[in-house]
Structures are given as structure tokens and as C-alpha cells.
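The values are calculated or read from the model by the stated rules, or taken from the named source; none is laboratory data. Owing to the predicted nature of the structure, the values given are computational and were not obtained by experimental measurement. Cβ placement follows ideal geometry from the backbone for every residue including glycine, while neighbour counts extend to all protein chains displayed. Each accessible area value is taken on the protein alone, full model and side chains, heavy atoms only, with ligands, DNA and RNA left out. Shrake-Rupley method; radii C 1.70, N 1.55, O 1.52, S 1.80 Å.
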Amino acid sequence: MRVGVLVSGSGRNLQALLDAEAAGRLGRARIAVVVSNQPGVLALERAARAEKPTAVVPHRGQPSRQAFEDALLAALAPHGVELVVLAGFMRILTGHFLGRFPDRVVNIHPALLPSFPGVDAQGQALAHGVKITGCTVHLVDEGTDTGPILAQAAVPVLPEDDHGALARRILAEELRLLPAVVAELSQGRLVREGRRAWIRP
Ligand code: GRF
């Protein structure tokens, strides 16, 4: 299964996917291309070190959201992408893009959705005083972090936690969960019943 990974920043989730592929832990998934909406980010260096094709599609300066999404689609097209993984990708995608990959765009979010969608989910959890948070891999729909949930991992919040400590603990689980779900998606069959979705082996 050829995978296109969309990134915007440091690429730690991308690195986890690259490492999993190199270690034979990504099932039939193979990363075919890495596309960033930001030039010069570490994620692009990580992709280049792994000798993966990369592309930069700036969202800034695009005449419309649709033009940006058409440029993203054009960057993915030559690589025969069958699954799109958002790994720290910080742009919202509309039905224009998602319609080209029905039930084939997944995202990793650093909270147990539906709690704490949007930005700084880690800080939201800390501020709310929850005792358990975590991360979620979900299918992307047109909302913000609202698509059907595929997998979750729980992470304890400790009394002495500050933002950084909690974010690091959640990230460790993200880096384990995302490759595991991508591997399962490459070998299994996605089953959906309304909002409920899971991967049949
Ligand atoms: C991760 O915490 C991810 O869950 C969130 O953005 C962060 C990006 O990290 N969507 P990276 O770019 O993968 O290092």
C-alpha cells in the first residue's frame, strides 16, 4: 500500500513511520512521498535522509483553499498514493481533497477524541485536570478532529506534570500507535458502520 505523508513541522510522527518501515513493522505500507505545506521544516530533512521523494506545497499565497488542495493532489498523484497520513499536518482539508481519498485519510491527534479537539490538546487536558488523556488515530472528515476513530492509547496525567512532560508522554504513545494503525490498514480491511469504524484483520 503506497502511502503519502503530509507534514508541517518537526516530523517526529513521520520519523516513527520511516523507522517502522525500515524495521519491517509497517506491514504492506510503503511511504511513497512526503509533502509539506511549510518549506525547510525538519520533517523534510527526515524524509530526505530516508531517501523518500518530497514536495513542498505552500498554503500561503494560494488563491483559494481549493487551489491549495489541487496542488497537494498534484504532488501526490505521481506516486500512486492509496492512503494519506496526516503526521503533524496543521491544515484543515475540505471535501474537495477528502473526496479523492474516501476513508483513506487518517490523522493522529494528541488527545482522546472527542475530548480536546483542535490545537494544544495537551494543554487543554492539563488545564481541565483530567487524570487520563492520550492520543487518537482517526479517519479525517471535514470537521476538526471529528472523523471516525480507528484507535486510541491512554496516557496518565501525573500531579507533577507540566505541559512538556505530558506532551512527551503522549508523544511516546503517538509514535507507537500511528505506525501500528498504518500497518493494520495496509493488511486489513476497514469496516465502517456510521460513526463506528474498525480494521478487520
Ligand atoms: C504531534 O503531537 C501530533 O499529534 C500533532 O502535531 C504534533 C506534530 O508533531 N498533530 P510532529 O510534526 O509529528 O513532530
message: Can you list residue pairs whose Cβ atoms sit under 6 Å apart, with the first residue in the stretch 85-112 being closer than 11 Å to LEU139 by Cβ and the second being aliphatic (A, V, I, L, M) and at pLDDT below 95? Count only pairs 6 or more apart in sequence or on different chains.
response: ASP103/LEU190
field: Answer residue from the stretch 36-48, given it is open to solvent by less than 10 Å² (accessible area, probe 1.4 Å) and among the aliphatic types (A, V, I, L, M) and is farthest from the ligand (Cβ to nearest atom) among those
entry: ALA47
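Within the stretch 49-58, can one find any residue that is of a type in the set (Ser, Thr, Tyr) and open to solvent by less than 20 Å² (accessible area, probe 1.4 Å)?
So far as the stretch 49-58 goes, no, none of its residues is of a type in the set (Ser, Thr, Tyr) and open to solvent by less than 20 Å² (accessible area, probe 1.4 Å).
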query: Does the stretch 63-83 include one or more residues that are within 15 Å of the ligand (Cβ to nearest atom), aromatic (Phe, Trp, Tyr) and at negative phi?
result: no
- line: Residues of the stretch 150-201 being in contact with a strand residue (DSSP E or B) (Cβ under 7 Å, 6 or more places away or on another chain) and small (Gly, Ala, Ser), in sequence order, are ALA151, ALA153, ALA154, GLY188, ALA197
- prompt: Among the listed residues GLU184, GLU173, which satisfies the condition of being open to solvent by 30 Å² or more (accessible area, probe 1.4 Å), part of a helix (DSSP H, G or I) and away from the ligand (no atom under 14 Å from the Cβ)?
  reply: GLU184
message: Restricting to the stretch 1-35, count the residues that are over 15 Å from HIS79 (Cα atoms) and either among the small types (Gly, Ala, Ser) or open to solvent by less than 10 Å² (accessible area, probe 1.4 Å) (or both).
response: 14
field: Selection within the stretch 101-137 - open to solvent by less than 10 Å² (accessible area, probe 1.4 Å) and of a type in the set (Phe, Trp, Tyr)
entry: none
query: When you go through (1) outside any helix (DSSP H, G or I); (2) touching a helix residue (DSSP H, G or I) at 6+ places or on another chain (Cβ under 6 Å) one by one for LEU14, which number turns out not to apply?
result: (1)
- line: VAL155 vs (1) farther than 25 Å from ALA180 by Cβ; (2) within 16 Å of the ligand (Cβ to nearest atom); (3) of a type in the set (A, V, I, L, M, F, W, C): all pass except (1)
- prompt: Hey, any hits in the stretch 152-165 for a residue that's open to solvent by less than 50 Å² (accessible area, probe 1.4 Å) and free of Cβ contacts under 8 Å to residues at least 12 places away in the same chain?
  reply: yes
